[in-house]
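I have placed the structure first, in the form of structure tokens, so that the comments after it can refer back to it.
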Amino acid sequence: LLISSYFIYKIIKQRKQRELEKAELLAKVNESNLKSLQGQMNPHFVFNSLSTLQNLVLNQKNAEVLEYISEFSKLMRTMLDNSRNDIISLIDEIDFLKNYIDLEHIRYKNGFDVKWTNLLSEDDFEDIYIPTMLIQPLIENAIKHGVSNLNERRGIIEISLNLINDSLLEIKVSDNGNNTVKKGTKHTSTAIKVIKERLELYQKNNQKGTFELIIQPNGASSIIIIPV
């Protein structure tokens with residue numbers, strides 16, 4: 001009986017060890033994939049920014065070019081600092097987003113307004129960390145596919161942050177634009193695809209993130225939910 005119990009103990013121990021090794025391997029694979037996907041976002045952002053700068057130069061808007069280069073260099077320094085980490089504090093991410101919006105205001109001559117709604121408490125706000133470069137593409141799409149196409153009314157982008165059940169951060173980016181991405185068509189944006197893949201990999205407390213895009217005749221909303 002003693003020998004039998006010993007073998008059963010050994011089998012259970014070996015099984016738990018294999019499960020632990022499998023979980024550790026999966027975590028390493030997911031971390032590697034997250035870094036790879038994060039690396040795809042930075043070139044996408046830089047390419048679009050340089051394309052904007054090229055258009056300003058071609059149109060001989062010298063004052064805007066100088067201002068754009070100054071703001072762009074600030075963002076690049078921030079991006080290089082942030083790229084060293086997989087996650088970033090929500091406070092730092094919002095500072096980055098506000099700088100990015102300033103850059104886009106130069107491009108579109110302040111042709112749109114941005115409204116922030118923060119429903120988080122001050123304590124929650126300071127303690128929350130999220131994956132880097134996850135929200136910026138949503139704002140970029142709201143500008144590019146939404147408010148940049150308005151003629152008769154001023155563009156408005158609304159960004160709201162809310163905490164659900166103390167464990168899920170909801171970030172919603174809405175615009176009032178005439179969206180170039182029509183309802184019923186398949187949105188193949190590289191940024192959106194990468195966001196979905198990153199959220200699928202990013203898990204915390206056995207919860208995964210989600211992404212939803214809602215397109216309406218006079219506006220669109222992108223909703224990200226991130227486990228925190």
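The values are calculated or read from the model by the stated rules, or taken from the named source; none is laboratory data. Remember, it's a predicted structure, so these values are computed and weren't measured experimentally. Don't worry about glycine lacking a Cβ; one is built from the backbone with ideal geometry, like all the others, and counts go over all protein chains shown. What goes into the accessible areas is simple: the full protein's heavy atoms, side chains included, and nothing from ligands, DNA or RNA. Shrake-Rupley method; radii C 1.70, N 1.55, O 1.52, S 1.80 Å.
Taken over region 141-156, the criterion of being among the small types (G, A, S) and buried (at least 20 other Cβ atoms within 10 Å of the Cβ) is satisfied by A142, G146, G155.
Scanning region 205-228 for residues being at pLDDT 90 or above and among the polar types (S, T, N, Q) gives a total of 3. A residue that is touching a residue at least 24 places away in the same chain (Cβ under 8 Å), over 25 Å from N218 (Cβ atoms), within 19 Å of the chain's Cα centre (by Cα) and open to solvent by 40 Å² or more (accessible area, probe 1.4 Å) can be found somewhere in region 102-115.
Among the residues making up region 79-101, those that are assigned to a helix (DSSP H, G or I), open to solvent by 40 Å² or more (accessible area, probe 1.4 Å) and not basic (K, R) are L80, D81, I91, D92, D95, N99. Consider region 168-185 and keep the residues that are modelled with pLDDT of 90 or more and surrounded by fewer than 18 Cβ atoms within 10 Å (Cβ to Cβ). The one that is nearest to the chain's Cα centre (by Cα) is E170.
For region 102-123, the set of residues classified as in a helix (DSSP H, G or I) and touching a Ser or Thr at 6+ places or on another chain (Cβ under 6 Å) consists of R107 only. Looking only at region 123-136, decide whether some residue is crowded, with 18+ Cβ neighbours inside 10 Å and of a type in the set (D, E, K, R). Looking through region 123-136, none of the residues is crowded, with 18+ Cβ neighbours inside 10 Å and of a type in the set (D, E, K, R).
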